[in-house]
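J.: Structure incoming, see below.
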Amino acid sequence: MADFNLKRGYDIPIEGQAEKKLTVLPAPKKAAVQPLEFRGLKLRLLVAEGDTVKIGTPLLADKANENIKLVAPVSGTVAQIIRGERRQLQAIVVENDGKDAAEVVGKWTADEVKKLSADEIKTRLLSGGMWPHIRQRPFNKVANPADTPRDIFISAFDTAPLAADPAFLLEGEEEAFRIGLDALAGMTGGKVHLSLNGALSAQPSVFANASGVEKHYFSGPHPAGNVGVQIHHIAPLQKDDLVWYIQPYAVALIGKFFLNGFFQNERIVALAGSSLKERSYVKTIVGAPISSLIPEKNIVDEPVRFINGNVLTGRKTSFSGYLTFYDYLVTVIPEAKKERKLLGYFRPGFNLPSFSKTFLSALIPGKKFKMDTSLFGGHRAFIQNEEYERVLPMDIMPVQLMKSILAEDFEEMEALGILELDEEDVALCSYIDLSKNDFGAILRKGLDLIEREG
């Protein structure tokens, strides 16, 4: 057990937090699997439009490892296979027949799960379509079941803007969470690390009662809740190290899978953002249409940006889009109006947030702001300063790393710590950058280069 009090970082003062009130929604009429979010998989289509499927029926398989499959979230008929440019597969839409027929692969008690070998646990998760919940660092991609991770990491709190509260998502799921932890422990010869919110006076019971894990306590501003930051402080990645990580709600889903024997499609999602009149949590299924989660009458601005995830690292979607596999948050904020304000830099800025304390809003403690998608400027060359280190609580120099990536200097990239990072870890660098550089996109370019070149 260890305590980490991180000083560097920044909590973006954005308004629109979801109220901890849960509504169970009726099953949507359709649901979608979106292949592009599963990094590291090269997928082969297994179904055609018109095919009948059950919950858990394989829709796609990884070409490199046929055992890794993406499965149907509902039972019914494959209604649409959506492709984009160059026939890139965008989504498989399944029309829900409401029967909830499922592909049952077996059921196991909590005691039986503890006795399973690593290979047996992997085989069952793969057969049930649950494997994609487990991702690896470095490269932040779906884990390879042929690997044995050094350790497994779980972040039990989320400091991202307007993030869903993992403890609220897991209310009433203590048994499933415990079984999921046992399954994870059976797949590593190392430790399962559970990182908790050190700012709380008492931990939620689902985490306080967790056993078989090594607990750590983190406090501080965002990105203290990022698993990459936690790995860096608990047990940093060394050359050739490989670790896995998983979201806490997914741990409970794995536990419920072993108890029920089929793919667990449920999701609890926070609906947040200043463009929503009412902000709360809803229970639905993975891949549900955004339109089934948010009534049009609940949207107060026009036009708006729908985001699967948070405003820093989420994926842009639309009212007709679908909930993604890994996100437990849908954010709705106003789209920026294309207008320039006269003498904008010289305005007092009472209603504009300012990391650098440029505006007078910095003198108003605790103030939240209605933020839109404005970038407030265009792309320019890097401005060398120490501001970036103020929002990255890791022993890494972000600007130097970005320059080494742009220069394709592989040795320097690795020496500067690229393998410890993912886009979410450098998102605040993009947010505060006066030059409007996308640190995440540059970082991903570097990671892809290293992985491709071996």
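No lab work stands behind these numbers, since they all come straight from the coordinates. All of these numbers come straight from a predicted model, not from anything done at the bench. When we count neighbours, we look across all protein chains shown, and the Cβ atoms used for this are built from the backbone with ideal geometry, even at glycine.
J.: Give me the one-decimal Kirkwood hydrodynamic radius in Å for the chain, with the sum taken over alpha-carbon pairs. All intermediate terms of the calculation are to be shown ahead of the outcome.
T.: Working: mean 1/r = 0.0435 Å⁻¹.
One decimal place: 23.0 Å for the Kirkwood radius.
J.: Given +1 on the Cβ of Lys and Arg, -1 on the Cβ of Asp and Glu, and no further charges, what dipole in debye does the chain carry about its Cα centre, rounded to the nearest 20?
T.: Taking the Cα centre of the chain as origin, the dipole is about 1200 debye.
J.: Go through 236-244, 163-171 and give me the packing order, highest mean Cβ count within 10 Å leading. Don't skip to the answer; put the middle values down first.
T.: Numbers: 236-244: 14.7, 163-171: 19.6.
Peptide ranking by packing, descending: 163-171, 236-244.
J.: Find, among the GluC sites (Glu not before Pro) in the stretch 403-454, those assigned to loop by DSSP (not H, G, I, E, B) with at most 14 other beta-carbon atoms within 10 angstrom. List each step's numbers first, then the result.
T.: On the way: sites: GLU408, GLU411, GLU412, GLU414, GLU420, GLU423, GLU424, GLU451, GLU453; in loops: GLU408.
Here the sparse-neighbourhood loop sites are GLU408.
J.: Can I ask one more? Show me the GluC sites (Glu not before Pro) within the stretch 1-78 that DSSP assigns to loop and that have at most 13 other Cβ atoms within 10 Å of their Cβ.
T.: Here the GluC sites (Glu not before Pro) that fit, given the DSSP loop and packing criteria, are GLU19, GLU49, GLU66.
J.: Between GLN384 and ASP100, what is the FRET efficiency for a Förster distance of 45 Å, r being their Cβ-Cβ separation, to the nearest 0.05?
T.: 0.20
J.: Of HIS133, HIS379, how do they rank once you tally other Cβ atoms within 10 Å and put the fewest first?
T.: Listing HIS133, HIS379 from fewest to most nearby Cβ atoms yields HIS379, HIS133.
J.: Turning to a different aspect of this structure: For SER320 and GLU451, FRET efficiency with R0 = 22 Å and r from the beta-carbon atoms, rounded to 0.05?
T.: With R0 = 22 Å, the Cβ-Cβ based efficiency is 0.05.
J.: Test of understanding: extend the Cα→C-beta vector of MET1 to 7 Å, then name every residue of the stretch 169-198 with backbone N under 17 Å from that spot.
T.: Answer for this model: 192-198.
J.: Additional query: Could you order the peptides 105-118, 314-327, 87-100 from most to least packed, using the average number of other C-beta atoms within 10 Å per residue?
T.: The packing order, highest mean first, is 314-327, 87-100, 105-118.
J.: Sticking with this one: In the chain, if the dipole is taken from +1 on Lys/Arg beta carbons and -1 on Asp/Glu beta carbons about the Cα centre, which of ALA156, PHE319, LEU375 is farthest to the positive end?
T.: Of the listed residues, the answer is PHE319.
J.: What distance in nm separates the two pseudo spin-label positions at THR373 and ASP147, each 7 Å out from Cα along the beta-carbon direction?
T.: Distance between the two pseudo-spin positions: 3.4 nm.
J.: Of ILE68, ILE81, ASN140, which is farthest towards the positive pole of the chain's charge dipole, taken about the Cα centre with +1 and -1 on the beta-carbons of Lys, Arg and Asp, Glu respectively?
T.: Value computed over the given set: ILE81.
J.: Sticking with this structure for a sec: Cβ under 14 Å from PHE168's Cβ, PHE168 left aside: what net charge do those residues give with Lys, Arg +1 and Asp, Glu -1?
T.: -1
J.: For labels at ASN298 and GLU112 in the simple 7 Å Cα→Cβ model, what's the distance in nm?
T.: 3.8 nm
J.: List, in the order given, every pair from LYS107/LYS191; LYS114/LYS191; LYS20/LYS256 whose Cα-Cα distance in the structure shown is over 20 Å.
T.: LYS107/LYS191; LYS20/LYS256
J.: Once you put a point 7 Å from the Cα of GLN400 and another 7 Å from the Cα of GLU19, both along the Cβ direction, what distance in nm separates them?
T.: Placing both labels 7 Å beyond Cα along the Cβ direction yields 5.0 nm.
J.: Enter the per residue convex hull volume of the stretch 26-96, computed from alpha-carbon coordinates, in Å³ rounded to the nearest integer.
T.: Taking the convex hull of the Cα positions in the stretch 26-96, it is 87 Å³ per residue.
J.: Step through the table entries LYS21/LYS337; LYS283/LYS316; LYS215/LYS368; LYS63/LYS122; LYS42/LYS122; LYS63/LYS316, compare each Cα-Cα distance with 24 Å, and write down the pairs that go over it.
T.: LYS21/LYS337; LYS215/LYS368; LYS63/LYS316, as the Cα separations exceed 24 Å there.
J.: A follow-up question, please. When the helix-only estimate is applied to the chain (DSSP H runs of n ≥ 4, each -39,500 (n - 2.57), divided by the residue count), what is the mean residue ellipticity at 222 nm, nearest 500 deg cm²/dmol?
T.: Details: 13 runs with 101 residues, N = 454.
My calculation for the chain gives -6000 deg cm²/dmol from helical runs alone.
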